[in-house]
Amino acid sequence: MPDIPYRYITKTIVLGGLLIFTKYYCYDKKNKTSNYLYYGLILFFIGDILIIDHTNTIRFVVSMILFVAGKVCYTLKFKHKEDFSTKRLIPFFIVCFLFLAIVYDFIYHNLKLYFIPVTLYFFISLIMILFAFIRKGAVNNKSYYIVFAGVGVFLFSETTMVIKTFYGDVLYQDFFIMFCYALGQYLIIIGVLFENKELTENSVIL
């Protein structure tokens, strides 16, 4: 696979840059609960390096576990104690069900031994999206919409990757996977920064 060295370099640069950015703006030694985003990004970084060689079963499974752990960290960061409307959850779950039905229609027959890890992967993804979704009203609008947009772009990248792996090639798949993944992570990080209502627009470059 001649493209592996190139992808190791590009992923290290992109994700390493995001890690440095997050460490500088978000990390706080005195408040460990605020660092879930940083911890999650570390897990994503390791998982992304391992999954480059996705034909290796052990590496693929380990990377999936790391991705799940990273999403749990993101979910813990998104959680809050504010009440939310259960009526808003009904259309959310309908959309999630339709989304999974469409994706699994493509990949189900090729999952085989990967059925459980891939299903767990998507389940945690939807939990993460749910917690991003119910942040409405608990944080300022700028933070809410940027994070939710980031999670959506992030999910698009993951879905493209899963379809590529278990169904077949997608047009411009490598570009979309990496670009949307990096953009999604960046938007999530920026959105979390804007949770602080005192943060000015000039503090972060969008």
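The values are calculated or read from the model by the stated rules, or taken from the named source; none is laboratory data. Only a predicted model underlies this, so the values are computations on that prediction, with no experimental measurement involved. So basically every Cβ, Gly included, is an ideal-geometry build from the backbone, and we count neighbours across all protein chains shown. When the accessible area is computed, the model is the full protein with side chains, heavy atoms only, and any ligands, DNA or RNA have been set aside. Shrake-Rupley method; radii C 1.70, N 1.55, O 1.52, S 1.80 Å.
Computed over protein heavy atoms with a 1.4 Å probe, the accessible surface of the chain works out to 57 Å² per residue. Expressed as a whole percent, the accessible surface of the chain that belongs to carbon and sulfur atoms is 68, based on a 1.4 Å probe. For the chain, the Stokes-Einstein estimate of translational diffusion at 25 °C and a viscosity of 0.890 mPa s comes to 138 µm²/s, using the Kirkwood hydrodynamic radius over alpha-carbon pairs.
Relative to the longest principal axis of the Cα atoms of the chain, the long axis of helix 4-26 lies at roughly 10 degrees.
If you count, for each residue, the other Cβ atoms within 10 Å and average over each peptide, how do 7-14, 177-184 line up from highest to lowest?
So the peptides 7-14, 177-184, ranked by packing, come out 177-184, 7-14.
Pairs exceeding a 31 Å alpha-carbon distance, out of Lys11/Lys112; Lys11/Lys77; Lys81/Lys112; Lys77/Lys112; Lys23/Lys81: Lys81/Lys112; Lys77/Lys112. Could you tell me how many degrees, from 0 to 90 and to the nearest 10, lie between the Cα long axis of helix 115-133 and the main elongation axis, the longest principal axis, of the Cα atoms of the chain? With both axes taken from Cα atoms, the answer is about 20 degrees.
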